[in-house]
Amino acid sequence: MARKFTFMLIPHRGGDTKQTMLSLWQLLLTAAAAALLAALVISSLIYSGYLRLETRGLNARLEREAVLARQRLEASQQSYADLTSENEALEEELESWQREVTQLQTQAAMALDALEELEMREAEIYSVLGMKNAVGGEGEPVTVTYGDTAEIFAYITARANDAIEGLSEEETSYAIEYVLDNIPDGWPLKESGEVTSEFGTRINPITHSGYEKHSGIDIAAGHREHILAAGAGTVIFTGENDVYGNFLRIDHGNGYVSQYGHCDSIIAKKGDKVNKGEAIAYAGNTGRSTGTHLDFRVSYEGEYIDPLALLKS
Ligand SMILES: [Zn+2]
């Protein structure tokens, strides 16, 4: 068992020859050490190769992640840009709306100014006509000191003309339609009959003795001749009594009421809206009357006025 092996190292030229003697177990040990070393080297080589591969894989993955991240970033930048431009568009739209609103507000203010001026003119017309505001407000009735209604109406007409002069065509037609057309100044019969009795104090037509106050005018008329509304308005009464016979009343608004007496029969009904010149009854001889005629009366604010003052103007 004591086998020994000798290893010699002989240089090619010169030098000393080296030799070493190893026992069998020493030789086996050396061989085992060499094998272990080789195994270590090989495994480390394999491991480093594996690591390289692993690193390459990781790098590739990181690159992919980076690409995706960049894509996401670009996408979000794009959507941000989109949102920004959308926002700008919305802001522009909002601004244009605001401009429109401002313009509308300006127009509304102008319209209100115009309306206010129109209302002032309307009030002026009503005021010079001595009427209360037909729209419903309590206007100031003009206090007139003249005694004669004809003079009053001439004065009122002149003032009204002055007021109307400053109006536009539209305002004028409004005034005519809603104010002037209602005044009972139209001839109340189809034909131009003779005025047989004027407004004021007169001799009693029945007894022919003594004086009485006549609150209207008598106009000669043909039997069943058309009686016409002296102005536009609403029929507020139709009926009969001993004095006027068959008679009716029209409210013209603004304080004016007209009355038509001694009718043969009445055409209009209570509550009817009638136009100026519309046929409302037939002339006759009913009530306290001495012949076929129309007893025509006009009151203003409850006081009888001379209808001729209106009719003549
Ligand atoms: Zn009369």
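Counting every other Cβ atom within 10 Å of each residue's Cβ, Leu310, Leu167, Leu40 order from fewest to most as Leu40, Leu167, Leu310. Can you work out the FRET efficiency for the pair Tyr50 and Glu95, with r the C-beta to C-beta distance and R0 = 51 Å, to the nearest 0.05? For Tyr50 and Glu95, the calculated efficiency is 0.15. Highest mean packing first, where packing is the average number of other Cβ atoms within 10 Å per residue, the peptides 284-293, 23-32 line up as 284-293, 23-32. If you average the C-alpha positions of the range 284-313 and of the range 189-232 separately, how far apart do those two centres end up, in angstrom? The range 284-313 and the range 189-232 have Cα centres separated by 6 Å. Just to verify a number: FRET efficiency for Glu116 and Glu240, C-beta to C-beta distance, R0 = 45 Å, to 0.05? After rounding, the FRET efficiency stands at 0.40.
In terms of overall dimensions, the range 195-312 has a Cα radius of gyration and Dmax of 13.4, 41 angstrom. Multiplying the residue separation of Glu191 and Asp16 by 0.36 nm and subtracting their alpha-carbon distance yields 45.6 nm. Sorting Ile250, Ile46, Ile236 by the number of Cβ atoms found within 10 Å of their own Cβ, with the fewest placed first, yields Ile46, Ile236, Ile250. Panel order for Asp16, Asp264, by other beta carbons found within 10 Å of each beta carbon, from fewest to most: Asp16, Asp264.
Quick note: the coordinates plus some simple rules give every number you see, no bench work behind them. As the structure is a computational prediction, the values presented were derived from the model and not from experiment. Here the Cβ is made from the backbone with ideal geometry for all residues, glycine too, and neighbour counts use every protein chain on show.
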